[in-house]
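What follows is a set of notes on a single structure, which appears directly below.
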Amino acid sequence: MKNIVILISGRGSNMEAMVKACAAEQWPARIAAVVSNRPQAAGLAFAAQHGIATAVVDHKAYPDRDSFDAELARVIDGFAPDLVVLAGFMRILTPGFTQRYGGRMLNIHPSLLPAFPGLHTHQRAIDAGCHVAGATVHFVTAELDHGPMVAQAVVPVLPGDDEASLSARVLAQEHRMYPRAVRWFVEGRLRVDGARVQQLGGEAQVFTAP
């Protein structure tokens with residue numbers, strides 16, 4: 001039984017999707033804890049209601065990233081994680097932190113990486129005239145929004161789309177893709193070969209709207 005620790009900064013809708021999928025699909029894992037850098041993060045209440053341990057490491061209480069990351073790692077390690085999952089965790093992590101959890105930390109980014117790393121991805125895709133947009137699950141490395149890609153979800157950019165409408169369409173696919181990618185990890189069905197990640201069960205690593 002593997003332990004998963006999920007990091008959030010807000011509502012944590014991807015965290016909610018994972019909690020539900022883990023229970024419904026009976027993963028060989030448990031959500032050991034949900035940790036937030038914001039005391040008022042709405043996702044903490046959801047986790048507590050589902051019997052999941054919660055913790056807060058308020059980044060405002062620390063003078064720099066190194067000291068914050070050190071305390072965050074101490075709290076995470078208290079739950080003996082096999083996998084750390086970033087689900088809307090809005091902090092840039094130090095290289096030392098990413099190395100500590102190298103090969104066992106996943107993130108989801110709302111673009112088809114390597115396009116549009118960073119913020120405001122949906123508006124940037126619209127402004128660039130993209131015909132498709134999406135999201136990417138990847139292993140976390142020291143370079144922001146990079147790392148071996150586990151899966152990608154693709155949605156069309158429709159005429160008249162604005163940032164909100166495109167974001168909602170992408171998020172719906174994130175809720176399908178991210179739990180699946182986490183399940184692949186805990187079931188030992190991912191093989192990383194340099195920049196490439198192979199899904200050993202033969203399932204598609206590209207998700208499209210049903």
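The values are calculated or read from the model by the stated rules, or taken from the named source; none is laboratory data. What you see is a predicted model; the values in this text were computed from it and never measured. Cβ atoms come from the backbone with ideal geometry, glycine included; neighbour counts cover every protein chain shown.
So, Pro148, is that one surrounded by 15 or more Cβ atoms within 10 Å (Cβ to Cβ) and either over 17 Å from Asn14 (Cβ atoms) or among the polar types (S, T, N, Q) (or both) or not?
yes
Within segment 3-20, identify whether any single residue is touching a Cys at 6+ places or on another chain (Cβ under 9 Å), surrounded by fewer than 19 Cβ atoms within 10 Å (Cβ to Cβ) and modelled with pLDDT of 95 or more, and answer yes or no.
Checked against the condition, which is being touching a Cys at 6+ places or on another chain (Cβ under 9 Å), surrounded by fewer than 19 Cβ atoms within 10 Å (Cβ to Cβ) and modelled with pLDDT of 95 or more, segment 3-20 yields no hits at all.
Tell me the residue from Arg65, Arg104 that is within 15 Å of the chain's Cα centre (by Cα), surrounded by fewer than 17 Cβ atoms within 10 Å (Cβ to Cβ) and either at pLDDT 95 or above or not assigned by TED's automatic domain parsing to the domain that holds Val197 (or both), please.
Arg104
In segment 99-138, what count of residues is obtained for those that are farther than 13 Å from Leu86 by Cα, in contact with a helix residue (DSSP H, G or I) (Cβ under 8 Å, 6 or more places away or on another chain) and of a type in the set (A, V, I, L, M, F, W, C)?
Qualifying residue count for the region: 6.
Quick check, is Leu72 outside the structural domain of Gln173 (by TED's automatic domain parsing), of a type in the set (A, V, I, L, M), over 24 Å from His175 (Cα atoms) and at pLDDT 95 or above?
yes
Only one of Val154, Val186 is aliphatic (A, V, I, L, M), surrounded by fewer than 21 Cβ atoms within 10 Å (Cβ to Cβ) and touching a Lys or Arg at 6+ places or on another chain (Cβ under 8 Å). Can you tell me which?
Values: Val154 fails: touching a Lys or Arg at 6+ places or on another chain (Cβ under 8 Å).
Within the list Val154, Val186, the selection yields Val186.
When segment 47-60 is examined, which residues are found to be assigned to a helix (DSSP H, G or I) and surrounded by fewer than 12 Cβ atoms within 10 Å (Cβ to Cβ)? I'd like the intermediate steps shown before the answer.
Within segment 47-60, the subset assigned to a helix (DSSP H, G or I) is 47-49, 59-60.
Matches in segment 47-60: Gln49, Lys60.
For Gly201, only one of the following conditions fails: (1) modelled with pLDDT of 95 or more; (2) closer than 21 Å to Val85 by Cβ; (3) of a type outside the set (A, V, I, L, M, F, W, C). What is its number?
Evaluating Gly201 over (1) modelled with pLDDT of 95 or more; (2) closer than 21 Å to Val85 by Cβ; (3) of a type outside the set (A, V, I, L, M, F, W, C) leaves (1) as the failure.
Okay, residues lined up against (1) farther than 24 Å from Thr94 by Cα; (2) in contact with a Pro (Cβ under 8 Å, 6 or more places away or on another chain):
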position: Val140; (1), (2): no, no
position: Val150; (1), (2): no, no
position: Val155; (1), (2): yes, no
position: Leu158; (1), (2): yes, no
position: Glu163; (1), (2): yes, no
position: Val186; (1), (2): yes, yes
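Using the structure shown, decide if Val170 is assigned to a helix (DSSP H, G or I) and either surrounded by 20 or more Cβ atoms within 10 Å (Cβ to Cβ) or of a type in the set (Gly, Ala, Ser) (or both).
So Val170 passes the test.
Looking at segment 147-167 only, could you name the residues that are outside any strand (DSSP E or B) and within 13 Å of the chain's Cα centre (by Cα)?
As a first pass, look at segment 147-167 and keep what is outside any strand (DSSP E or B): 147-148, 157-167.
Gly147 - this is the single residue of segment 147-167 that is outside any strand (DSSP E or B) and within 13 Å of the chain's Cα centre (by Cα).
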